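Chemist: Please find one structure pasted underneath; my questions will follow.
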Amino acid sequence: MSLPKTALITGAASGIGAEIAKTLYNDGCHLVIADLNEPKFLAELSNSIQKVSYIPTDLSDQADCQALVDRAIQKFGAVDILVNNAGFQHISSVEDFPESVWEKMMQVMLTAPFLLTKYVFPGMKRKQWGRIINMGSIHSHVASLNKAGYTAAKHGIVGLTKSTALEGGPYQITANVVCPAYVRTPLVEKQIESQAEALGISSEEVESQVFLKASATGKMIEPVEVVEIVRYLCSDLAKSVTGACWTIDGGWTAQ
C-alpha cells in the first residue's frame, strides 16, 4: 500500500484553494495549508491534527517561503503536490498603478510560486514523482483594462510552468497551469457587489453584462469545475500531461 501523498496549497483559507484542499484531503492526502488567514473549514476535517498543518505564511517573504517547505517536510517527510493558488487583484491604470502594489503582486503571484517550486523540487526528484499545479487565469492569455499587474503575473506563471515541466519531465514531475475565467467565489461575489454599487445597476446585470460579456456560455464557473481538473492533474492518470494550460473560460478565448 502506497503512503499518502502530501499536498502543499497556498491561498487555501477560502475560495478555490479551500475547495482544492478539502477535495485532496478527502482523497487521502496530508495537507499543508499556507495562508495569512486560518481556514475555517479545519474543524470539519476528521483527524485534522494528524493529517493537516496550517502554516501562516507571508508569501511575499523569501524566508517565509523557505520555512513553509522546511516545516512541511519536517512534519510529513516530503511535498508531493504543490498547488500555487494564492493571489489578489488590484484595478488601476498603468500610470496610477502603485509601485508597491505591483511589487507585492509579483512577489505573491510569481516569485513565491518560483521559490516554492525550487524548494520542493529536490524532494520530488529523489522520489521520482511530483505534481506542480499553478493557478493561472483567463488573464494568462488575454488582458483587461486596468489590470496590468494581475495580467503580467498570470502571463508569467505560464512561462514558469512550461520551464518547470521541461526540467521535471525526466523525474516524472509534471507541471501544469489551470486558467479559469470568473469563478463563483466569495471574492468574486464581493467584486460584483462593488461594481453594482459603482455602476448603479443590479448585481445580476453586472454578472451578465460585465463579468460574462465575453463568455459564450453566459455562465459563471463553479469552484468544483476547477477542483476536478486539479484533482485529475494530481493523479497518476495525468502522468503524461505536463507543460499545459487548462483553460476554463466558457468560450471566452474562442472568439
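The values are calculated or read from the model by the stated rules, or taken from the named source; none is laboratory data. The model shown is predicted, which means the values in this text are computed figures rather than measured ones. FYI the Cβ positions are ideal-geometry reconstructions off the backbone, even for glycines, and counts take in every protein chain you see. With ligands, DNA and RNA removed, areas are computed over all heavy atoms of the protein, side chains included. Shrake-Rupley method; radii C 1.70, N 1.55, O 1.52, S 1.80 Å.
Chemist: Say we look at region 228-239 and pick out the residues that are more than 19 Å from the chain's Cα centre (by Cα) and free of Cβ contacts under 8 Å to residues at least 24 places away in the same chain; which of these is most open to solvent (accessible area, probe 1.4 Å)?
Modeler: Applying the filter and picking the extreme gives 237.
Chemist: If you go through region 202-218 one residue at a time, how many are surrounded by fewer than 14 Cβ atoms within 10 Å (Cβ to Cβ) and either in contact (Cβ under 8 Å) with a residue 40 or more places away in the chain or outside any helix (DSSP H, G or I) (or both)?
Modeler: 5
Chemist: A follow-up question, please. Somewhere in region 67-84, is a residue under 28 Å from residue 225 (Cβ atoms) and not hydrophobic (A, V, I, L, M, F, W, C)?
Modeler: Checking region 67-84: at least one residue is under 28 Å from residue 225 (Cβ atoms) and not hydrophobic (A, V, I, L, M, F, W, C).
Chemist: OK, next. Looking only at region 180-189, count every residue that is part of a helix (DSSP H, G or I) and open to solvent by less than 40 Å² (accessible area, probe 1.4 Å) and tell me the total.
Modeler: Result for region 180-189: 1.
Chemist: For region 75-90, how many residues are under 15 Å from residue 51 (Cβ atoms) and either open to solvent by 50 Å² or more (accessible area, probe 1.4 Å) or of a type in the set (Val, Ile, Thr) (or both)?
Modeler: Residues flagged as under 15 Å from residue 51 (Cβ atoms) and either open to solvent by 50 Å² or more (accessible area, probe 1.4 Å) or of a type in the set (Val, Ile, Thr) (or both) within region 75-90 amount to 4.
Chemist: A further question on this structure: Which of the following residues is of a type in the set (Gly, Ala, Ser), surrounded by 13 or more Cβ atoms within 10 Å (Cβ to Cβ) and without any contact (Cβ under 8 Å) to a residue 40 or more places away in the chain: 12, 18?
Modeler: Going through 12, 18 in turn, just one is of a type in the set (Gly, Ala, Ser), surrounded by 13 or more Cβ atoms within 10 Å (Cβ to Cβ) and without any contact (Cβ under 8 Å) to a residue 40 or more places away in the chain: 18.
Chemist: Only one of 163, 144 is more than 15 Å from the chain's Cα centre (by Cα), in the same structural domain as residue 126 (by the TED database), under 25 Å from residue 98 (Cα atoms) and open to solvent by 20 Å² or more (accessible area, probe 1.4 Å); which?
Modeler: Only one candidate qualifies: 144.
Chemist: For region 201-255, which positions are at pLDDT 90 or above, more than 30 Å from residue 129 (Cβ to Cβ) and aromatic (Phe, Trp, Tyr)?
Modeler: Matches in region 201-255: 252 only.
Chemist: Can you go through 36, 115 and tell me which one is modelled with pLDDT under 95 and within 16 Å of the chain's Cα centre (by Cα)?
Modeler: Unique residue meeting the criteria: 36.
Chemist: So residue 192 fits all but one of (1) open to solvent by less than 10 Å² (accessible area, probe 1.4 Å); (2) within 15 Å of the chain's Cα centre (by Cα); (3) aliphatic (A, V, I, L, M); what number is the exception?
Modeler: Every condition holds for residue 192 apart from (2).
Chemist: Please work out which one of (1) part of a loop (DSSP other than H, G, I, E, B); (2) crowded, with 16+ Cβ neighbours inside 10 Å is the condition residue 24 fails and give its number.
Modeler: Tallying (1) part of a loop (DSSP other than H, G, I, E, B); (2) crowded, with 16+ Cβ neighbours inside 10 Å, residue 24 fails exactly one: (1).
Chemist: Now for a separate question. Residue 177 versus (1) open to solvent by 30 Å² or more (accessible area, probe 1.4 Å); (2) within 14 Å of the chain's Cα centre (by Cα); (3) of a type in the set (Val, Ile, Thr): which is the lone unmet condition?
Modeler: (1) is the only condition that residue 177 fails.
Chemist: Right, next: Can you pull out every residue in region 30-64 that is surrounded by 15 or more Cβ atoms within 10 Å (Cβ to Cβ) and hydroxyl-bearing (Ser, Thr, Tyr)?
Modeler: Passing the criteria: 48, 53, 54, 57, 60.
Chemist: Identify, by number, the condition in (1) within 26 Å of residue 180 (Cβ to Cβ); (2) surrounded by fewer than 19 Cβ atoms within 10 Å (Cβ to Cβ) that residue 67 doesn't meet.
Modeler: Evaluating residue 67 over (1) within 26 Å of residue 180 (Cβ to Cβ); (2) surrounded by fewer than 19 Cβ atoms within 10 Å (Cβ to Cβ) leaves (1) as the failure.
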